[in-house]
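Down below is the structure, laid out as structure tokens.
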């Protein structure tokens with residue numbers, strides 16, 4: 001883990017030197033860990049990277065993070081990007097100095113119609129309407145085959161809702 005920490009710091013510093021003013025730290029498998037293993041094998045290393053960079057960082061963890069979400073809030077990240085988590089619950093438990101971001105299903109964006117994308121996006125926005133520190137995002141990476149019409153439906157719905 002110490003080696004991964006060094007690599008993340010080196011890469012992030014190169015991005016900052018190239019002009020980045022914010023870093024996204026992606027943790028693709030941390031959701032598979034128990035809360036104690038998450039602290040031992042991820043959280044403390046991510047926290048040290050965030051602290052060392054001294055610029056805003058977003059922490060993205062793939063998968064179901066309900067069991068580690070509170071710990072993710074303690075990472076020092078200014079925002080949490082989440083995939084499979086109950087957003088209304090997260091909006092209630094995350095401190096207001098942490099922005100929450102997510103979590104429209106990538107499968108929906110890949111397989112649904114634009115109308116279904118609009119309906120699910122609207123539902124997400126309505127569920128989180130009372131949380132100012134929120135922005136809508138896909139839950140994780142988009143599949144290359146994701147139809148542009150679905151991405152547009154998502155983006156237009158968010159823009160119209162604002």
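The values are calculated or read from the model by the stated rules, or taken from the named source; none is laboratory data. All figures in this text were calculated on a predicted structure; none of them were measured in a lab. Positions of Cβ are generated from backbone atoms using ideal geometry, with glycine treated the same way; all protein chains shown enter the neighbour counts.
Data overview
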{"quantity": "Selection status of residue 67, in contact with a helix residue (DSSP H, G or I) (Cβ under 7 Å, 6 or more places away or on another chain) and surrounded by fewer than 20 Cβ atoms within 10 Å (Cβ to Cβ)", "calculated": "yes"}
{"quantity": "Boolean, residue 122 is part of a loop (DSSP other than H, G, I, E, B), more than 14 Å from residue 59 (Cα to Cα) and either in contact with a helix residue (DSSP H, G or I) (Cβ under 7 Å, 6 or more places away or on another chain) or touching a residue at least 60 places away in the same chain (Cβ under 8 Å) (or both)", "calculated": "no"}
{"quantity": "Pairs with Cβ under 8 Å, 6+ apart, first in the stretch 53-64 and more than 19 Å from residue 103 (Cβ to Cβ), second surrounded by fewer than 18 Cβ atoms within 10 Å (Cβ to Cβ) and modelled with pLDDT under 95", "calculated": "none"}
{"quantity": "Restricting the stretch 32-53 to residues that are under 17 Å from residue 15 (Cα atoms) and either over 16 Å from the mean Cα position of the chain (by Cα) or not assigned by TED's automatic domain parsing to the domain that holds residue 64 (or both), the residue that is surrounded by the most Cβ atoms within 10 Å (Cβ to Cβ)", "calculated": "49"}
{"quantity": "Candidates 59, 148, 80, filtered to the one that is outside the structural domain of residue 30 (by TED's automatic domain parsing) and either surrounded by 15 or more Cβ atoms within 10 Å (Cβ to Cβ) or farther than 30 Å from residue 17 by Cα (or both)", "calculated": "148"}
